[in-house]
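One structure below.
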Amino acid sequence: MTAYAALLSPGRIGSLELRNRIVLCPMGVLLSNPDGSVSDTEVAFYEARARGGAGLLLIGTANVAYPEGTNHPQMHAVSDDRYLPGMRRLADAVHRHGAKVAAQLNYMGVYAQYDMLRGEPRLVPYEPAFPAPDAVGRMLPREEATAMATAWLTPGANTGFRVATEDDIHRVIGRYAEAAARCQRAGYDGVEIHAGHGYFIDSFLSPRNQRTDGWGGDLAGRARVLLTVIDEVRRAVGPDYPVWIRLNSREYHHDVGETFTEQTEVARLAIEAGVDAIHLTAYANTDVATAATDAYAPHRVGDLPRYAAELRRATGATVITFGRHDVDAAERLIADGTGDFVGFGRRLLADPDLPRKLAGDRPEQIRPCIYQYTCIGNIALREPMRCAVNPRAGRDAEPLPQPSGPRRVLVVGAGPAGLESAIRLNHAGHRVTLIERDVEVGGMLRHAAALDEPLADYLAWLRRTLADTDVDLRLGAEYDPAGATAYDEVVLATGGDWTSALPGARTVPDLAGWLTADDDTVGARVLVLGTGAPALRIAQLALVRGRATTLVTPERYVAPELGAPGRHRHIQDYLDAGGQLLLRTPDDAVGELVAGADTVIDVRPRVGTPLPEGVGGHVVGDAAGPGAINAATRGAMELAATLATRRSPSRPGSPAPRRKPSARERRR
Ligand SMILES: Cc1cc2nc3c(=O)[nH]c(=O)nc-3n(C[C@H](O)[C@H](O)[C@H](O)COP(=O)(O)O)c2cc1C
């Protein structure tokens, strides 16, 4: 008897029979071809998650009027019959593994930046307020700010809007119906109408829609677009085809915004109009930096389960719920009737095999999401989705390395890059020795794990996964270049160093020790110097431990390694807890700040550790320059691919080229 009996039990959405209660959340991953057609990468992305055991895969934002009403050219298009062959290929690939697939139908309205880039105004029910990001939301590296503003900065782009006429509304509704019928013909098992997240349908639902022509005003007027879409879609696909909606439970951070009471009424009307389920989400004012992490990509499990349970009770609807759940919580949500299905987004990016591992009672093998928001961060930069811990996500079509012959590999350093490299090379069939001068594995990740629970989970997973390999792990072992001749390949994963003594300042004698357990080596007034995520997390810890804390950086942001929603979440939490943040502080102002502090914690990055004289090899992780987990996992994956194609052993000791990735590349 599995511990996940409820989650793994079959379920139904209308006529759609699903093998379990696990749903891949809809994610617009930007993996389609630049003309909106299905790409090999996209097929492989969904096929991997079907093979991994999920019951239902949702294709995030399938554009009903592509290229119109679309955010990005590489979004999934369902607007024309020429997309049918690709759609069929995707459906077949998913069905081969016993999963079902449905498209999330969308017309993006105010978020249709591809319309802007094509010189077209965006079609909206009413002119929205001019965006005014709050101070935290503006904390972006310049290159990120530029990428996010592409559609405003590109010459010839149209930054304007067109308020939808009666004809426009009927035309867009018609596109939903046609698209639904096309999805049915392609072999998709259902459609989810996106009625949330501020897109076209939702912007009609909002109480900010005060149109007076019957498509706004009171709830009946505001719900009319959604209900007409449901009617027309039903007419196009017939009574039995599974159709449901993704609907906000409420909007956060708006004086005038959707409330749960009204949205429950919308759900009731939608059910009467013939939908088979409600996928309950939330939205927020995007001027607020924490909008995503308060609403549809929650950083903490928040209100969504409560709303799901209430909606299910009030309407009797089949409910899909989601929101940063771990697998044990998800099991409870199904067992106690909070929802009928649980969506996983980020966790199924990190490990597509999550359901299969549950079915095999091997939950400890699931690669955890570390909530660094690389996934959503990248989409906001208009780049394909990437995952910090699973570099194959979004590159699922690339062949796994198959070594032509096992090689003897020495990996030096057992931090994240060394552990990931050792594990991947071992899985690829090589004979790996991993040496670490410390008495424990983990490197800097051990300290980071003291600050961040998901990183602690990740380190624990690395330890367990390493223990399941036959990597020869030698702790307390120093690197000896002379001994390296016994190996075909040497991999240096010796890490970076993000702490240093600041001359003349009261620094912490044993910072690593203090991170694990508080003591009086850190005084009442703490100054943290640094820009990276470690500096921010240490400042957060100092604050939690009751120190008056000031974080100082020369930049206009901190924690650039994190995807923007995660960065903004942590900065806001730090400020809300009373932390001081001094941005753009010139070096010559630091001296005075240092003088006013009892303790200075200097976490400014050092360039990678110097390599011993005459040593060559592959360099991964922070040893190649300060990066993040992203750089460690990607470096390990690329190394495994490089060694797979190597024909004859390279001479150990011969210096390998040390390619230095750009700062931007290291974030990916
Ligand atoms: C990369 C990425 C893209 C997303 N795109 C969409 C989308 O196109 N449509 C949508 O309704 N939600 C989208 N979301 C939100 C997810 O569907 C889901 O609500 C979110 O990931 C929270 O679930 P989780 O905690 O299991 O990750 C996206 C999320 C991510 C991470």
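The values are calculated or read from the model by the stated rules, or taken from the named source; none is laboratory data. Computed from a predicted structure; not experimentally measured. Reconstructed Cβ throughout: ideal geometry from the backbone, glycine too, with neighbour counts over all protein chains shown.
The table for this structure:
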| item | result |
| --- | --- |
| Among (1) over 20 Å from the mean Cα position of the chain (by Cα); (2) buried (at least 17 other Cβ atoms within 10 Å of the Cβ) - the single one residue 394 does not satisfy | (1) |
| Residue match in region 211-230 (condition: farther than 16 Å from residue 123 by Cβ, hydrophobic (A, V, I, L, M, F, W, C) and touching a residue at least 60 places away in the same chain (Cβ under 8 Å)) | no |
| Test set (1) in contact (Cβ under 8 Å) with a residue 12 or more places away in the chain; (2) hydrophobic (A, V, I, L, M, F, W, C); (3) not in a strand (DSSP E or B) - residue 514 fails condition number | (1) |
| Unmet criterion (only one of (1) within 16 Å of the ligand (Cβ to nearest atom); (2) in a loop (DSSP other than H, G, I, E, B)) for residue 45 | (2) |
| Conditions (1) closer than 30 Å to residue 131 by Cα; (2) surrounded by fewer than 24 Cβ atoms within 10 Å (Cβ to Cβ); (3) under 18 Å from the mean Cα position of the chain (by Cα); number of the one not met by residue 287 | (3) |
| Residues of region 96-117 satisfying the condition of being away from the ligand (no atom under 16 Å from the Cβ) and either free of Cβ contacts under 8 Å to residues at least 24 places away in the same chain or touching a helix residue (DSSP H, G or I) at 6+ places or on another chain (Cβ under 8 Å) (or both) | 96, 97, 98, 99, 100, 116, 117 |
| Check on residue 323, surrounded by fewer than 18 Cβ atoms within 10 Å (Cβ to Cβ) and free of Cβ contacts under 8 Å to residues at least 60 places away in the same chain | no |
| Condition met for residue 269 (within 16 Å of the ligand (Cβ to nearest atom) and touching a Leu at 6+ places or on another chain (Cβ under 9 Å)) | no |
| Segments classed as helices (runs of 4 or more DSSP H), wholly inside region 328-434, with at least 2 members that are more than 16 Å from the ligand (Cβ to nearest atom) and more than 20 Å from residue 618 (Cβ to Cβ) | 354-359 |
| Output for region 48-86, where each listed residue is basic (Lys, Arg) and either out of contact with any strand residue (DSSP E or B) (no Cβ under 8 Å at 6 or more places or on another chain) or part of a strand (DSSP E or B) (or both) | 51, 82 |
| Residue ID - nearest to the ligand (Cβ to nearest atom), chosen from residues in region 168-197 that are among the small types (Gly, Ala, Ser) and buried (at least 24 other Cβ atoms within 10 Å of the Cβ) | 196 |
| Residues (farther than 22 Å from residue 399 by Cβ and in contact with a strand residue (DSSP E or B) (Cβ under 9 Å, 6 or more places away or on another chain)) located in region 24-47 | 24, 25, 26, 27, 28, 35, 36, 37 |
| Subset of region 318-327 (residues that are hydroxyl-bearing (Ser, Thr, Tyr) and part of a loop (DSSP other than H, G, I, E, B)) | 318 |
| Any hit, region 207-214, residues being under 18 Å from residue 278 (Cβ atoms) and either crowded, with 24+ Cβ neighbours inside 10 Å or basic (Lys, Arg) (or both) | no |
| Condition met for residue 465 (polar (S, T, N, Q), modelled with pLDDT of 90 or more, surrounded by 18 or more Cβ atoms within 10 Å (Cβ to Cβ) and assigned to a loop (DSSP other than H, G, I, E, B)) | no |
| Region 3-42, residues that are of a type in the set (Val, Ile, Thr) and either touching an Asp or Glu at 6+ places or on another chain (Cβ under 6 Å) or in a helix (DSSP H, G or I) (or both) | 13, 41 |
| Out of 296, 307, sole residue that is under 22 Å from residue 200 (Cβ atoms), touching a Ser or Thr at 6+ places or on another chain (Cβ under 9 Å) and either in contact (Cβ under 8 Å) with a residue 12 or more places away in the chain or surrounded by fewer than 17 Cβ atoms within 10 Å (Cβ to Cβ) (or both) | 296 |
| Count of region 295-311 residues which are more than 10 Å from the ligand (Cβ to nearest atom) and more than 12 Å from residue 249 (Cβ to Cβ) | 1 |
| Positions within region 545-581 being of a type in the set (A, V, I, L, M), within 28 Å of the chain's Cα centre (by Cα) and surrounded by fewer than 22 Cβ atoms within 10 Å (Cβ to Cβ), in sequence order | 575, 577, 581 |
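Listed here are the residues, each with its yes/no results for (1) surrounded by 24 or more Cβ atoms within 10 Å (Cβ to Cβ); (2) touching a residue at least 24 places away in the same chain (Cβ under 8 Å); (3) of a type outside the set (Val, Ile, Thr).
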{"position": "36", "(1), (2), (3)": "yes, yes, yes"}
{"position": "43", "(1), (2), (3)": "no, yes, no"}
{"position": "49", "(1), (2), (3)": "yes, yes, yes"}
{"position": "59", "(1), (2), (3)": "yes, yes, no"}
{"position": "64", "(1), (2), (3)": "yes, yes, no"}
{"position": "77", "(1), (2), (3)": "yes, yes, yes"}
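The rows are residues; the columns are (1) modelled with pLDDT of 95 or more; (2) within 16 Å of the ligand (Cβ to nearest atom); (3) of a type in the set (D, E, K, R); (4) in contact with a Pro (Cβ under 6 Å, 6 or more places away or on another chain).
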position: 8; (1), (2), (3), (4): yes, no, no, no
position: 17; (1), (2), (3), (4): yes, no, yes, no
position: 33; (1), (2), (3), (4): yes, no, no, no
position: 59; (1), (2), (3), (4): yes, yes, no, no
position: 64; (1), (2), (3), (4): yes, yes, no, no
